[in-house]
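The values are calculated or read from the model by the stated rules, or taken from the named source; none is laboratory data. Given the structure is predicted, the values throughout are model-derived calculations rather than measurements. No Cβ is skipped: glycine too gets one built from the backbone with ideal geometry, and neighbour counts run over all protein chains shown. We work out accessible area using only protein heavy atoms, side chains counted, and drop any ligands, DNA or RNA first. Shrake-Rupley method; radii C 1.70, N 1.55, O 1.52, S 1.80 Å.
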Amino acid sequence: GAVVSQHPSRVICKSGTSVKIECRSLDFQATTMFWYRQFPKQSLMLMATSNEGSKATYEQGVEKDKFLINHASLTLSTLTVTSAHPEDSSFYICSAEGLAGAVAKNIQYFGAGTRLSVL
Amino acid sequence: LAKTTQPISMDSYEGQEVNITCSHNNIATNDYITWYQQFPSQGPRFIIQGYKTKVTNEVASLFIPADRKSSTLSLPRVSLSDTAVYYCLVGEKAGSARQLTFGSGTQLTVLP
C-alpha cells in the first residue's frame with residue numbers, strides 16, 4: 001500500500017516550453033502533497049505544499065507563477081514548469097501524505113521523481 | 001523549523017551494524033522523527049519513524065533519548081545494496097501547513 005506514482009520519469013524539452021508533471025496517490029487519498037526539487041549531490045528542497053481544493057503554499061524564493069501547482073482531487077496533484085529554461089533543469093519529486101488510519105500518520109510517501117532537462 | 005544535522009558520509013563493510021546519528025536540538029513537542037533512504041535518481045523511501053524511546057521494524061531500529069534532541073538510525077548487518085543517502089526528517093505542523101526541512105543527509109557507502 002501507499003504507492004505514489006509520478007509521471008513522466010524523464011522529460012527533455014526546449015527552452016521556453018512548459019512541462020507538466022503528474023503525481024498520483026494510487027491506493028490512498030492524499031490530504032496533502034508536496035513538491036521538491038533536488039540538484040545533483042544536494043538534498044531535497046521543498047518547493048510547495050498543496051492541500052486538495054486550495055491554493056498551494058510556496059516556500060520562500062519559489063516563484064508561484066513559474067511553478068504552477070494544481071491539486072484538484074485527493075489523488076492527483078500537478079506541477080507545471082512554465083516557460084522552462086536551462087536553469088530549471090533538475091530532479092523534481094513529489095510526495096503525498098494521507099489521512100491517519102488509511103496510511104501511517106506523519107509519513108510522506110514519495111514518487112520516483114522526474115528528471116527535467118531543458119535544452 | 002527544527003533543523004537537523006547529520007554526518008556527511010560514512011563507510012562500512014558488509015555484515016556490520018551501522019549507526020547514523022542525527023541532531024535536532026530544537027525539536028518541538030509535536031514533532032515526529034522520520035528517516036528516509038534515497039538511491040540515485042529515485043524518490044526517498046520511508047525507513048522508520050519514532051517519537052520517543054526505541055522503535056524497531058523489519059529493516060532498522062531507531063533510538064531516541066529522553067530529551068529527543070537527537071536520534072540514531074541503526075541498520076543491522078548492512079549489505080552492498082544499503083549504499084544510499086539517509087535523511088533524518090523532523091516534522092512540524094503549523095495550522096494546515098506542514099513545515100519540513102530535509103537536512104544534508106548521510107551518504108552511506110557499504111564496502112565488500
Per-region count, region A:37-78, residues in contact with a Gly (Cβ under 9 Å, 6 or more places away or on another chain) and hydroxyl-bearing (Ser, Thr, Tyr): 2
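In region B:40-64, which residues are of a type outside the set (A, V, I, L, M, F, W, C) and open to solvent by less than 80 Å² (accessible area, probe 1.4 Å)? Please lay out each step first, then the result.
Here is the first cut: in region B:40-64, the ones of a type outside the set (A, V, I, L, M, F, W, C) are B:40-45, B:49-54, B:56-58, B:61.
Within region B:40-64, B:41, B:43, B:44, B:49, B:50, B:51, B:57, B:61 meet the criteria.
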Condition met for residue B:67 (acidic (Asp, Glu) and either open to solvent by less than 70 Å² (accessible area, probe 1.4 Å) or closer than 22 Å to residue A:43 by Cα (or both)): no
If we ask which residues in region A:52-72 are farther than 20 Å from residue B:4 by Cα, open to solvent by 40 Å² or more (accessible area, probe 1.4 Å) and out of contact with any Phe, Trp or Tyr (no Cβ under 7 Å at 6 or more places or on another chain), their number turns out to be 12
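Pick from region A:41-51 the residues that are under 22 Å from residue A:5 (Cα atoms) and open to solvent by 30 Å² or more (accessible area, probe 1.4 Å): which of them is modelled with the highest pLDDT?
As a first pass, look at region A:41-51 and keep what is under 22 Å from residue A:5 (Cα atoms): A:43-51.
Keeping just the survivors that are open to solvent by 30 Å² or more (accessible area, probe 1.4 Å) gives A:45, A:51.
On the way: A:45: 91, A:51: 85.
Among those that are under 22 Å from residue A:5 (Cα atoms) and open to solvent by 30 Å² or more (accessible area, probe 1.4 Å), it is A:45.
If only one of A:68, A:79 is under 26 Å from residue B:37 (Cα atoms) and part of a strand (DSSP E or B), which one is it?
On the way: A:68 fails: under 26 Å from residue B:37 (Cα atoms).
Selected residue: A:79, the only one of A:68, A:79 that is under 26 Å from residue B:37 (Cα atoms) and part of a strand (DSSP E or B).
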Under 7 Å between Cβ atoms, which residue pairs at least 6 apart in sequence (or on different chains) link something in region A:37-57 that is more than 17 Å from residue A:111 (Cα to Cα) and at the interface with chain B (Cβ under 8 Å from one of its Cβ atoms) with a partner that is modelled with pLDDT of 90 or more and assigned to a strand (DSSP E or B)? A:57/A:48; A:57/A:49
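Quickly run through region A:2-21 and pick out the residues that are within 14 Å of chain B (Cβ to nearest Cβ) and part of a strand (DSSP E or B).
At the first step, the residues of region A:2-21 found to be within 14 Å of chain B (Cβ to nearest Cβ) are A:2-11, A:21.
Within region A:2-21, A:4, A:5, A:6, A:7, A:10, A:11, A:21 meet the criteria.
Please verify whether region B:26-39 includes one or more residues that are touching a helix residue (DSSP H, G or I) at 6+ places or on another chain (Cβ under 7 Å) and either assigned to a loop (DSSP other than H, G, I, E, B) or open to solvent by 10 Å² or more (accessible area, probe 1.4 Å) (or both). Working first, answer last.
So in region B:26-39, the residues touching a helix residue (DSSP H, G or I) at 6+ places or on another chain (Cβ under 7 Å) come out as none.
No - not one qualifying residue is present in region B:26-39.
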Which condition breaks for residue B:13 when tested against (1) surrounded by fewer than 17 Cβ atoms within 10 Å (Cβ to Cβ); (2) at pLDDT below 90? (2)
Cβ-Cβ distance below 7 Å, separation of 6 or more or different chains: which pairs start in region B:73-88 with a residue that is in a helix (DSSP H, G or I) and end on one that is among the hydrophobic types (A, V, I, L, M, F, W, C)? B:80/B:110; B:82/B:75; B:82/B:108; B:82/B:110
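Condition check ((1) at pLDDT 95 or above; (2) among the hydroxyl-bearing types (Ser, Thr, Tyr)) across all residues:
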| residue | (1), (2) |
| --- | --- |
| B:49 | no, no |
| B:53 | no, yes |
| B:62 | yes, no |
| B:97 | no, no |
| B:107 | yes, no |
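Would you confirm, using the coordinates I've provided, whether residue A:112 is on the phi < 0 side of the Ramachandran plot, modelled with pLDDT of 95 or more, away from chain B (no Cβ under 14 Å) and outside any strand (DSSP E or B)?
Numbers: on the phi < 0 side of the Ramachandran plot: yes; modelled with pLDDT of 95 or more: yes; away from chain B (no Cβ under 14 Å): no; outside any strand (DSSP E or B): yes.
No; evaluated as a whole, the condition is false for this residue.
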